[in-house]
Amino acid sequence: MLKRIIVLNLLLMVCFFLKGYAVVEAYEVIEVADGGKITGVVTLKGKAPEVKMLDVTKNSGFCGKNTPDPRFEISGSNEIKNVVVILEGIEKGRKAAPVKGAVLDNADCVFVPHVQAFTKGTTLTIINSDPILHNMHAYFIRGRRMVFNLALPTKGQKIRRRIKKSGMLFIRCDTGHSQMSAFMYISENPYYAVTDKSGKFEIADVPPGTYTLKAWHEALGTMEQKVTVAPQKEVRSDFNFISQ
Ligand SMILES: [Cu+2]
């Protein structure tokens, strides 16, 4: 029995070691002298979905009776804002420095910005610009592990939190403001972007090679395509989501 326990413990230790090793091996920092750049535009093929108004069921005296569904910000030319673009599984590249000035604001009963991305280790400033209570509850979509759960009762209140783990975070407001939602992508590496209102993105200093470029939108899903980056060259890699 004792022998079995020792063997089991040894196995657990090996698993733990391998897991730690795999994490360390996941991304290697190298000097990138001849990196290339990936640029692109994310568009929607077909008719853009109609932006519905979401009912406000709490504090409607301040927040208003309804607010536009934040999921779809699509231009007249079908360019999609708030698409997160990443280099899936990149193993080597330049160092990922924490981002300065990352903010998540509660402003007029919506989260601003609705979608953002930054590197692991970034300090996020959480602000309440409203004269009502908001409770920001952030958790990883995968595993639903909580990252913070903060009550902000006062206008102008600021709380800083360093985000130490990577993954896609969902943020909601637990005070009954069901119209409030936001996403934050926390990256292990510097190779990520969020599309602007023209659907544009840019990922620079990429070591030459072939990669899987992945685009994620909260309602339209994900798309992947191969991209080959040549030394000091720009490569264009557009995405075209299909309207559902
Ligand atoms: Cu709220």
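Here TYR211 fulfils each of the conditions (1) hydroxyl-bearing (Ser, Thr, Tyr); (2) out of contact with any Pro (no Cβ under 9 Å at 6 or more places or on another chain); (3) modelled with pLDDT under 95 apart from (3). The set of residues in segment 183-199 being more than 9 Å from the chain's Cα centre (by Cα) and closer than 26 Å to MET53 by Cα consists of THR195, ASP196, LYS197, SER198, GLY199. Within segment 164-189, residues that are under 17 Å from LEU150 (Cβ atoms) sit with their Cβ atoms under 9 Å from residues that are within 10 Å of the ligand (Cβ to nearest atom) and of a type in the set (Lys, Arg), at 6+ positions apart or across chains, in these pairs: THR175/LYS58; GLY176/LYS58; HIS177/LYS58; MET180/ARG172; SER181/ARG172; ALA182/ARG172. Scanning segment 215-230 for residues that are over 17 Å from ILE203 (Cα atoms) and free of Cβ contacts under 8 Å to residues at least 24 places away in the same chain returns GLY221, THR222. The number of residues in segment 35-89 being within 16 Å of the ligand (Cβ to nearest atom) and either more than 18 Å from the chain's Cα centre (by Cα) or without any contact (Cβ under 8 Å) to a residue 24 or more places away in the chain (or both) comes to 14. Of the residues that make up segment 175-189, is at least one within 10 Å of the ligand (Cβ to nearest atom), on the phi < 0 side of the Ramachandran plot and loosely packed, with under 15 Cβ neighbours inside 10 Å? Yes, that holds for at least one residue.
The values are calculated or read from the model by the stated rules, or taken from the named source; none is laboratory data. Source: prediction; values computed, not measured. For neighbour counting, all protein chains shown are included, and Cβ atoms are generated from backbone atoms with ideal geometry for every residue, glycine included.
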